[in-house]
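Heads up, the thing below is written out as structure tokens.
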Amino acid sequence: MSGTNAAIAVEIVKTTASGVVRSATIFLVAGIVALAGSLTWAAERGNEQVLAQLGGLANAEGWDRFLGVAAQVTAAGGVLGFGVVLSWMVGREFADGTVAGLFALPVSRSAVALAKLASYALWAVAVAAILVVLLAIGGVVLGLGRVDAEALDGLGRQLTLMVLSAGLAVPAAWAATLGRGLLPGIATTIGIIVVAQVLVIAGTGAWFPLAAPALWALEPDEVSSGQLALSTLVPLVVGWATLVAWRRLQLD
Amino acid sequence: MAEARLAARGLVREYAPGTGVSGIDLEVGAGEIHALVGLNGAGKTTLMRLLLGMLRPSSGVATIDGHDVVTAPAVVWAGVGHLVDHPLAYSELTTRANVAVAARLQGLPRRQVDAAVDRVMAELDLGRYADGRAGTLSQGNRQRIGLAAALVHDPCAIVLDEPTNGLDPAGVILLRELLLRRGAAGAGILVSSHHLDEVARVADRITVVNRGRLVGELDPAGVDIERAFFALVHAAEERRTP
């Protein structure tokens with residue numbers, strides 16, 4: 001792919017200047033910390049309504065409960081936030097009409113698509129890292145005690161869950177390309193969340209790649225490494241399909 | 001004989017009968033400004049998209065400096081500048097950042113970007129908007145950004161679809177001078193427009209497109225170019241009806 005370095009530099013400039021990305025970063029980081037923190041705070045004080053909503057986590061305590069709630073929120077909210085941003089990164093080129101300017105360049109279109117995915121991945125890892133740091137601070141502020149080895153394990157799982165959730169949202173890029181706009185990507189993201197929830201309730205559990213990361217973050221012993229590895233195939237396979245779709249793209 | 005900067009040989013890409021491009025042969029030589037004129041839907045934009053690889057032809061070949069656009073290497077594309085459809089102007093970026101982004105995509109090395117951006121922004125009088133975000137600018141100034149993005153790397157093959165869209169009279173004059181300078185420097189320029197008087201001022205050749213075919217040429221020095229244009233279109237329509 002020719003011009004990949006230039007394409008990545010350009011996508012990073014666009015990502016860092018974007019109000020959409022800034023808003024999504026705040027939504028993801030502040031939203032997850034605020035929800036996990038407030039639910040944990042209410043549960044610690046014996047709020048029965050909140051305890052009923054927490055299900056199995058109601059019986060957990062301290063960091064376990066706090067990070068378990070964060071994982072539950074991330075499972076749905078994380079994929080939604082990541083999917084919206086990726087839909088925008090790809091779909092805006094069609095919606096704004098700038099896609100025509102990405103043709104007839106020494107930078108190939110598949111390099112542009114790869115740059116979008118690379119820029120997205122860098123942003124997602126940064127968001128995951130910021131979230132984990134804020135969760136650690138939030139746990140201490142909530143009086144859950146110091147960050148011990150068990151809490152560190154939980155924070156590590158949260159970091160992995162965020163990164164894997166970002167990967168699960170990659171089909172949004174493919175859909176935004178094929179559908180030539182933001183909405184197909186956002187609709188696909190919502191579809192991923194709904195299907196994952198339904199299949200988890202139906203009992204397919206961790207063998208379903210879209211559900212495995214969240215199940216693993218909540219119950220690490222219930223999900224095998226093979227099941228978790230399956231979920232990494234989603235961004236790899238669909239990411240490759242996205243590059244092919246950009247290479248074959250025509251403005252017809 | 002020197003290779004044409006841009007060439008179409010038997011190009012076909014039809015959407016429905018009478019729309020798209022239905023078999024066009026065309027050449028734009030080095031140093032030539034070649035204008036396409038035609039009614040809405042005549043096939044001008046489709047022809048330009050085919051020449052730029054934005055569409056694949058059903059048959060025929062489009063070439064740039066002798067290279068088939070379907071397989072042209074990066075080095076060929078590095079010599080092409082275009083503005084077709086919307087300008088490459090991202091609303092969240094400043095004018096300067098937009099042009100710099102285009103320069104990188106056009107293959108300019110990073111160390112040459114600043115000087116090239118300064119040069120083309122001065123040519124298009126964009127200096128006073130350098131730090132303003134594109135989203136806050138008028139349509140005409142976004143069009144100027146699109147033109148700067150298309151020309152920042154001094155391309156030798158230039159394709160511009162309705163480049164005066166949204167431009168004020170000062171912008172039209174700037175564009176005219178800019179095209180004449182680049183043509184004199186050896187660039188092959190294909191430009192479409194609805195403004196017959198304007199194309200007559202810059203073009204070496206004016207080709208009329210109607211229903212996906214080339215139906216004749218206009219003399220840029222002609223006295224009543226509008227009448228000549230409609231005569232050609234009318235004659236083409238007459239030939240279509242049995």
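The values are calculated or read from the model by the stated rules, or taken from the named source; none is laboratory data. These numbers were taken from a predicted model, which means no experiment stands behind them. Cβ sites come from the backbone with ideal geometry, for glycine too, and all protein chains shown count toward neighbours. Ligands, DNA and RNA are stripped out before the accessible areas are found, and what is left, the full protein with its side chains, is counted by its heavy atoms. Shrake-Rupley method; radii C 1.70, N 1.55, O 1.52, S 1.80 Å.
Only one of B:V101, B:V75, B:V117 is facing chain A (nearest Cβ under 9 Å), under 17 Å from A:K14 (Cβ atoms) and among the hydrophobic types (A, V, I, L, M, F, W, C). Can you tell me which?
B:V101
A:L86 fails exactly one of the following numbered conditions: (1) farther than 21 Å from A:G156 by Cβ; (2) away from chain B (no Cβ under 14 Å); (3) open to solvent by 50 Å² or more (accessible area, probe 1.4 Å). What is the number of that condition?
(3)
Output the residues belonging to the range B:146-187 that are β-branched (V, I, T) and open to solvent by less than 10 Å² (accessible area, probe 1.4 Å).
B:V152, B:I158, B:V159
Does B:L50 qualify as being of a type in the set (A, V, I, L, M), touching a residue at least 24 places away in the same chain (Cβ under 8 Å), closer than 15 Å to B:L11 by Cβ and within 12 Å of another protein chain (Cβ to nearest Cβ)? Lay out the reasoning, then the answer.
Details: of a type in the set (A, V, I, L, M): yes; touching a residue at least 24 places away in the same chain (Cβ under 8 Å): yes; closer than 15 Å to B:L11 by Cβ: yes; within 12 Å of another protein chain (Cβ to nearest Cβ): yes.
Here the answer is yes, as B:L50 does meet what is asked.
Give me the pairs: first residue in the range B:54-81 and under 26 Å from B:I145 (Cα atoms) and part of a loop (DSSP other than H, G, I, E, B), second residue aromatic (F, W, Y) and at pLDDT 95 or above, beta-carbon distance under 7 Å, and six or more apart or on different chains, which are they?
B:M54/A:F103
Restricting to the range A:20-51, name every residue that is within 14 Å of chain B (Cβ to nearest Cβ) and either modelled with pLDDT under 95 or surrounded by 16 or more Cβ atoms within 10 Å (Cβ to Cβ) (or both).
The first filter runs over the range A:20-51 and keeps only residues within 14 Å of chain B (Cβ to nearest Cβ), leaving A:20-24.
Within the range A:20-51, A:V20, A:V21, A:A24 qualify.
Looking at the range A:100-115, which of its residues are under 26 Å from the mean Cα position of the chain (by Cα) and open to solvent by less than 10 Å² (accessible area, probe 1.4 Å)?
Result: A:A111, A:V112, A:A113, A:A115.
May I ask you to list the residues in the range A:90-109 that are closer than 14 Å to B:L55 by Cβ, in contact with a His (Cβ under 9 Å, 6 or more places away or on another chain) and not in a loop (DSSP other than H, G, I, E, B)? If you could, list the steps in order and put the result at the bottom.
Here is the first cut: in the range A:90-109, the ones closer than 14 Å to B:L55 by Cβ are A:99-100, A:103-104, A:109.
Filter once more, so that each one left must be in contact with a His (Cβ under 9 Å, 6 or more places away or on another chain): A:99-100, A:103-104.
Across the range A:90-109, the qualifying residues are A:V99, A:A100.
Just to check your reading of the model, which residue among B:G216, B:G222 is surrounded by fewer than 21 Cβ atoms within 10 Å (Cβ to Cβ) and in a loop (DSSP other than H, G, I, E, B)?
B:G222
Give B:R56, B:R96 a once-over and let me know the one that is basic (K, R), at the interface with chain A (Cβ under 7 Å from one of its Cβ atoms) and within 21 Å of A:V99 (Cα to Cα).
The match here is B:R56.
If I filter the range B:9-41 down to residues being in a loop (DSSP other than H, G, I, E, B) and within 19 Å of the chain's Cα centre (by Cα), which single residue comes out as surrounded by the fewest Cβ atoms within 10 Å (Cβ to Cβ)?
Checking each candidate, the answer is B:N40.
From the list A:G68, A:G46, A:G37, A:G31, which residue is out of contact with any helix residue (DSSP H, G or I) (no Cβ under 8 Å at 6 or more places or on another chain) and of a type outside the set (V, I, T)? Lay out the reasoning, then the answer.
Details: A:G68 fails: out of contact with any helix residue (DSSP H, G or I) (no Cβ under 8 Å at 6 or more places or on another chain); A:G37 fails: out of contact with any helix residue (DSSP H, G or I) (no Cβ under 8 Å at 6 or more places or on another chain); A:G31 fails: out of contact with any helix residue (DSSP H, G or I) (no Cβ under 8 Å at 6 or more places or on another chain).
It is A:G46.
List pairs: first in the range A:182-194 and more than 8 Å from A:A172 (Cβ to Cβ), second open to solvent by 50 Å² or more (accessible area, probe 1.4 Å) and part of a helix (DSSP H, G or I), Cβ under 6 Å, 6+ apart or cross-chain?
A:L182/A:A95
Residues of the range A:127-146 being of a type in the set (A, V, I, L, M, F, W, C), open to solvent by less than 60 Å² (accessible area, probe 1.4 Å) and under 21 Å from the mean Cα position of the chain (by Cα), which ones?
Across the range A:127-146, the qualifying residues are A:V127, A:A128, A:A129, A:L131, A:V132, A:L135, A:A136.
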